[in-house]
Each structure stands twice: as structure tokens, then as C-alpha cells.
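Below is one structure, written out as C-alpha cells; the observations come after it.
Rule-based calculations on the coordinates, nothing more; no lab input. If you're wondering where the values come from, they're calculated on a predicted model, not measured in any experiment. Please note: Cβ atoms are built from the backbone with ideal geometry, for glycine as well, and neighbour counts cover all protein chains shown.
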Amino acid sequence: MKNRIEELRKQRGIRQEELAAALMVSRQTIGSLENGRYNPSITLAFKLARYFGKPIEDVFIYEEEGQP
Amino acid sequence: MKKALYILLAAVGAGLLLLAGLVFAKGENQLLFGPCIGAGSACFVLGAGQLVYSITMPKEKEEALKKQVAVETADERNIILRDKAGSMAGRVMLYVLCAFVALLVLFRAPAAVVVAASALVLIHNILFVVFINHYNKVL
């Protein structure tokens, strides 16, 4: 699943460490999320969406397999 | 409060070391020399180490460190990493145990030893089924 976390974070001019501290997760988790290596739990996905003040669909892009 | 505990622990350790050196080094109770040295060293090093750490570490830094450890422990990715690593280690251990049992049979080890080692493989599989059933109900 793709996401716009890095883009939204950079728009706000915050560092990974700051985002991690705000969401009470490790910096490595933010890094893995941004790289697309790790898909978050639904709780963390909502926390991220609320942090950026956007609906969850605007932060995470769900693509069904086989679809572009 | 914690500092007093560390001082007490270090004192107990030092006491045990002294006891070992002065009383149990020679004579009838020489059997107690080893355990006294071991337990005394552990208590002394643990107590003194924690005491030095609590004195030298600034309060704010200690709080920040505690918070960081709490975040790292509760971090969902770290939890998944721990679970995956534990599961993989368990799977590898099963193969190691099977190889160990095969080696025991190959080298004609006593039957009791082979049965005991095989029991470990069996216990592993029983635990696997038990936990699958448990999590099947819980999750």
C-alpha cells in the first residue's frame, strides 16, 4: 500500500523524529512507513491521518492487486 | 529510596565477598566459598553499578531515556519484529532439535536420552497446537 506520509510531513516541515514523537512510535517505524516497507495497523493509520488533518484515504492509497 | 536499595545491595555483596575471603576460604565450610564469591560479586557489581548510574545520570536525561524505552517497547513495528523473530527462532529450533534427535539415534545414544529429546519436539508441536487454538478464540 502506498502512502503520502513523506510528502505531507515535508509539507509541514517536520522531521521524522518529531512525527514519531507526536505519534508515540519509533523513528524507524516512520522511516519504514515512508519507504513502503511496512503497512501500519488501522490505529496508527488513523493517528497519522488525524495528525495531518486529512481523511485516511488521502494519506494511504489502496490499490487492489492487478490494478494500476 | 532506590539509592538506598542499591547501597544495601552493594553492601550485601561486599559482606558476602568478605565472608568468603575471611571465613569460608579455609576450614570446614570451604564448600560455601564458591557460592559466596559468586553471589557476592553479582550483588556488589549490580548494586554499585546501579548506584553510580543513578548518581551520574541527570534526572531529565533519565526521564527522556525512560520515555524512549517505553516508546520503543510499545512500538507496533517493534512488536511485530519481536513476534516474527521469535516465531522464526522457534521454527529453526525445531529443525535443530530434529537434527539433534537424528544424531542421537545415529550415535546409538541411550534410549532414555533419545526419548527425552524426542519429547522436546513433541512438546514444541503440542504447544504450537495449543497456542493456535488459543489465539483462534482470542483474535
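Brief remarks follow.
- Crossing angle, helix B:33-56 versus chain B [Cα axis fit, 0-90 degrees, rounded to tens]: 70 degrees
- Hydrodynamic radius of region B:20-98 by the Kirkwood approach over all distinct alpha-carbon pairs: 17.3 Å.
- The protein assembly as shown: proportion of alpha-carbon pairs further apart than 30 angstrom, %: 61 percent
- Computed helical MRE - 222 nm, chain A, DSSP H runs ≥ 4 contributing -39500 (n - 2.57), nearest 500: -16000 deg cm²/dmol
- Unit charges at the beta carbon, dipole of region B:5-139: most positive-side option, B:32, B:109, B:56: B:109
- Among B:31, B:65, B:46: highest mean-square fluctuation, GNM of chain B, C-alpha pairs under 10 Å: B:31
- Size of chain A as Cα extents on the principal axes (Å, biggest first): 36, 22, 21
- Separation of region A:9-25 and region B:100-136, taken as the distance between their Cα centroids, equals 48 angstrom.
- Under the combined filter of DSSP loop state and at most 14 neighbouring Cβ atoms within 10 Å, chain A retains these GluC sites (Glu not before Pro): A:63, A:64, A:65.
- Tail beyond 18 Å, pair distance distribution of chain B (Cα, percent): 76 percent
- Of the residues B:26, B:84, B:67, the one that moves most in a GNM of chain B with alpha-carbon contacts below 10 Å is B:26.
- For chain B, built as a Gaussian network whose Cα springs stay under 10 Å, the top-fluctuating residue of B:60, B:76, B:28: B:28
- Counting every C-alpha pair in region B:73-134, the share spaced more than 18 angstrom apart comes to 50%.
- By the count of neighbouring beta-carbon atoms within 10 Å, fewest first, B:114, B:138 end up ordered B:138, B:114.
- The 3J(HN,Hα) values that the Karplus relation (6.51, -1.76, 1.60; θ = phi - 60°) gives for region B:8-14 are, in residue order, 4, 4, 5, 5, 4, x, 4 Hz. Gly and Pro appear as x.
- Only lysine pairs 8 or more places apart, or on different chains, with alpha-carbon atoms under 29 angstrom apart are counted in the protein assembly as shown, and they number 27.
- Sequence-distant residues sharing a close amide H with residue A:3 (under 5 Å, placed H): A:61
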